[in-house]
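What follows is a short report on a single structure.
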Amino acid sequence: MAKVAAWTALSAILALAIAANAAPANHQHTSASTSAHALIDHNADVKRPTFVTDVPFAFAIESKQTPHEVALGLAASLLSVKSSSSKLRVRDDSYFDAAHGIHHVYLAQEVNGLNVYNGGLHAVVSDKGEVLSYSHNLYDGEIPPQSTAPVAACQKQHHSSSKAKRSQLVLSTNESAILCKETALGAFLIQAKSIAVGSGQQMQSGPSHEALIASIDSSSMAYVISSNGCLVLTHRFEVPTQDNEYEGYVDALDGTIRAVADWTSPGTAGTPSLARPDFGRVKIAGTGIDEVLSAPVRKVKQWMSWNPAVEAAVAQAGSDADDESKAPSYKVFTWGTNDPSEAKRTYQPARHDPEVSPYGWHAHPSSRSPFTSSKDRNQVHDGNLTKYTDTRGNNVFVSWGGISNEDAFHPELPRPRGSVINGSRTFDYPYPWRKFDSNHTELPPREYALASQTQLWYTINEYHDMLFHYGFDGPSGNFEEYSKDGGKDGDAVIAFAQSKAGMNNADFSTPPDGRRGRMRMYTWDGHPERDGAFEEGIVIHEYTHGLSTRLTGGAADSSCLGWGESGGMGEGWGDIFATLARDRNNSDVAFSMGEWASGRPGGIRKFPYSRNITLSPETYETLNKPGYWAVHAAGEVWATIVLDVVAHAKEQYGFSKTLFPPATTASDEEKARFYLTEEEVASLPNGPKRKSKRPIPRHGNTLLAQLLVDGMKLQPCRPDFLSAREAIVKASQILTGGGDDYECLLRHAFAKRGLGLDAKVVGQTPWGFGVHTNGHKTPESCKGTRRRESA
């Protein structure tokens, strides 16, 4: 009865919200990203973290304490007596980075038994008990009274001054009443809908939140530290929609949104981009697939079955009578080929790397199998392993057309099924694209849906294996159904080729570790239509959202790159790694993003990526220009700065034609081609004293790939450009010992584009903005090194 009453109350609130915020039936909206960012920019009000790389002596010396004890002692030293009653607990996503030999310890702060959303500490501790760096956002004020209504005085004061907002939300007039969770959830949806309605183009109004309410995770109470240091009591919700997953914190007194993060990477208003979030399910006008957009999987299956060739290819896949004695083979564009304009497809074997994928790409322990249908003829149980004959495995489940996670588990959804030929399961499907045909005849994407899925499968597995060797492994939160070396299981990526969620886009959703990431690749409406799964840079960009979100702030916290400069860098890292993969010959050409898929000369970014400052003029101060508050625009600036750093590193240390590090079983000669030898490391200024055990990549592009991954692990939750820069420099110090040419190269290269030591921002808010000033200063110790200008 209580649940019925709660739903009745919530339904009434939703009805009121819809009536109050309804738009005319023919009202046109802008892109969904506009609504998402309005929701964030008008409501996010959280305290920023402190990031320390120059650790005080007392904690920078060796200790006999455990890493957890060291971190707890550090946190205690930062808290005053008035907040001593708060509790600190070690989070379960703390981990030991075995390759480096260092510990990442994450502490959560609790007040009155409630978690503080943005309160805690991250300490990086050496095996000898030294604190190498730390970031914290600990609440150090008065503790509210422990009672049934543990509300701080500053929150009550804010509540008293916000009656206008309260009356608009039609919630409660009681000055001290704690809202029930149903009312708080209704308030969240009212505010989200009021912002979503009336802002957009290309989209018609009509999101249906009501159908999704049943899947909203239960509320819990939590505190949020506001930007002025007030401890605010809130209701916490996880609100999944078919497009987005929101983590929201609603003021328990007045129902205003205090903080919200979208676990799905956001898109750009008005132009094609690499994500298209919205608060709820929308129909996209003029695409001709509106029916499919809101349809269950049976209609996705039906839509695909319009193409008899696809159905026949699945039905007539070769038998498994032959033994599989060789690695699977795929007819694909090989790794490093950005799109069909650059090369032809060839047969590529599955990468055999026992350290990374011990059971191969197509298998995992049977105890982890999420597919239980007896109708599933494409999974085989072999001892303790479940093996798949289609595009499913330990790292990713690839299928076609889906919108929501549940679509991936439909037993009849057609997937590519390989045929065993000469001992190798072979995935070979037609893709009749003719790059020489400038006015290509129409080529409906559904006609090559199986080739698209095969390409997506290959690219994701290659990238998964590559990132593992740079440190994105099980303990740090990668995406695997079974993680042999730690971390949480059950989170292989769900990936949809030709997703019917929309067009001209792609997106990636990253929930906390142990919950599945989701990638949706869309088709693009050029002439002919093009399939984003065939542009490797887009796939890498999207998967990199998972990389950066899991590594920043710990794998259990998916809110650290939700908006502002943090969200911008999340976009920028995607472009950086896409460009690193595309550059196979140390080319000086300018690289675009999304050019092939969109059919737009120059791609979907404002400028191509080039170290030539005439072609690519963005600097740190560019963030002050109109429009650069948006995450993709800010991301372009970050990517431009970092790719210039990469160019400096390649000039200094050379170029590796492969980004793939050698396996641990590789010969010494293979390892020496990729990494510095022990003798070379010992010759570095502080090489013998370095804190890391990880080998040092010898070439500029692979070195920066390593430092970028390491920097993500070190940087604070919600970093800005300045703290991310310091994290990369600190990563270099840990890896190489510091005080050397590596560090000076980074300082000079960052300074070229205005991110020197004297770069600053004034008036910065938790979600960005402020006035940025270029700085070109480098450390005095680097004055004798050569500053490298653009070519």
(message) Can you go through 605, 600 and tell me which one is assigned to a loop (DSSP other than H, G, I, E, B) and surrounded by fewer than 21 Cβ atoms within 10 Å (Cβ to Cβ)?
(response) 600
(message) Consider region 599-634. How many of its residues are in contact with a Gly (Cβ under 7 Å, 6 or more places away or on another chain) and within 23 Å of residue 505 (Cβ to Cβ)?
(response) 8
(message) What's the total number of residues in region 584-597 that are in contact with a Phe, Trp or Tyr (Cβ under 6 Å, 6 or more places away or on another chain), in contact (Cβ under 8 Å) with a residue 60 or more places away in the chain and not in a helix (DSSP H, G or I)?
(response) 1
(message) List the residue pairs whose Cβ atoms are under 6 Å apart, where the first residue sits in region 611-633 and is assigned by TED's automatic domain parsing to the domain that holds residue 593, the second is among the hydroxyl-bearing types (Ser, Thr, Tyr) and at pLDDT below 90, and the two are 6 or more positions apart or on different chains.
(response) 611/790; 612/790; 613/790; 632/268; 632/273
(message) Looking at 747, 753, can you tell me which residue is without any contact (Cβ under 8 Å) to a residue 40 or more places away in the chain and basic (Lys, Arg)?
(response) 747
(message) Just to be sure I understand, how many residues within region 445-477 are hydroxyl-bearing (Ser, Thr, Tyr) and part of a loop (DSSP other than H, G, I, E, B)?
(response) 1
(request) Have a look at 575, 513 and point out the one that is buried (at least 24 other Cβ atoms within 10 Å of the Cβ), out of contact with any strand residue (DSSP E or B) (no Cβ under 9 Å at 6 or more places or on another chain) and either farther than 24 Å from residue 392 by Cβ or in contact (Cβ under 8 Å) with a residue 24 or more places away in the chain (or both). (result) 513
(message) residue 529 - would you say it is crowded, with 24+ Cβ neighbours inside 10 Å and in contact with a helix residue (DSSP H, G or I) (Cβ under 7 Å, 6 or more places away or on another chain)?
(response) no
(request) Name the residue, out of 417, 434, 377, that is among the charged types (D, E, K, R) and in contact with a His (Cβ under 8 Å, 6 or more places away or on another chain). (result) 434
(message) I need the full set of residues from region 75-114 which are in a loop (DSSP other than H, G, I, E, B), modelled with pLDDT under 95 and either of a type in the set (S, T, N, Q) or within 29 Å of the chain's Cα centre (by Cα) (or both), in order please.
(response) 80, 84, 85, 86, 112
(message) Please go through (1) among the aromatic types (Phe, Trp, Tyr); (2) under 22 Å from residue 132 (Cβ atoms); (3) modelled with pLDDT under 95 for residue 721 and return the number of the only condition it doesn't satisfy.
(response) (3)
(message) Could you tell me how many of the residues in region 410-426 are at pLDDT 90 or above and under 29 Å from the mean Cα position of the chain (by Cα)?
(response) 2
(request) Could you list, in sequence order, all residues of region 387-405 that are closer than 15 Å to residue 546 by Cβ and of a type in the set (S, T, N, Q)? (result) 395, 405
(message) Every residue in region 50-74 that is surrounded by 15 or more Cβ atoms within 10 Å (Cβ to Cβ) and either on the phi > 0 side of the Ramachandran plot or under 28 Å from the mean Cα position of the chain (by Cα) (or both), please.
(response) 51, 52, 53, 67, 68, 71
(request) Report yes if residue 364 is closer than 28 Å to residue 488 by Cβ, touching a residue at least 40 places away in the same chain (Cβ under 8 Å), not in a loop (DSSP other than H, G, I, E, B) and not aromatic (Phe, Trp, Tyr), otherwise no. (result) yes
(message) I'd like the full set of residues that are under 24 Å from the mean Cα position of the chain (by Cα) and either assigned to a loop (DSSP other than H, G, I, E, B) or over 14 Å from residue 100 (Cβ atoms) (or both), limited to region 728-750.
(response) 728, 729, 750
(message) Taking the criterion of being outside any strand (DSSP E or B), on the phi < 0 side of the Ramachandran plot and at pLDDT 95 or above, would at least one residue in region 520-532 satisfy it?
(response) yes
(request) Being over 21 Å from residue 515 (Cα atoms) and charged (D, E, K, R) is the filter; apply it to region 356-409 and report the residue that is modelled with the lowest pLDDT. (result) 375
(message) Here is a list: 458, 429, 463. Which entry is of a type in the set (Ser, Thr, Tyr), modelled with pLDDT of 95 or more and touching a Pro at 6+ places or on another chain (Cβ under 7 Å)?
(response) 429
(message) Going through 393, 336 one at a time, which residue ends up being surrounded by 21 or more Cβ atoms within 10 Å (Cβ to Cβ) and small (Gly, Ala, Ser)?
(response) 393
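Table: residues versus (1) acidic (Asp, Glu); (2) under 25 Å from residue 325 (Cα atoms); (3) surrounded by fewer than 24 Cβ atoms within 10 Å (Cβ to Cβ); (4) assigned by TED's automatic domain parsing to the domain that holds residue 103.
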{"residue": "421", "(1), (2), (3), (4)": "no, yes, yes, no"}
{"residue": "424", "(1), (2), (3), (4)": "no, yes, yes, no"}
{"residue": "427", "(1), (2), (3), (4)": "no, yes, no, no"}
{"residue": "443", "(1), (2), (3), (4)": "no, no, yes, no"}
{"residue": "448", "(1), (2), (3), (4)": "no, no, no, no"}
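The values are calculated or read from the model by the stated rules, or taken from the named source; none is laboratory data. Because the structure is predicted, anything quoted here is derived from the model rather than measured. All Cβ positions, even for glycine, are placed from backbone atoms using ideal geometry, and neighbour counts span all protein chains on display.
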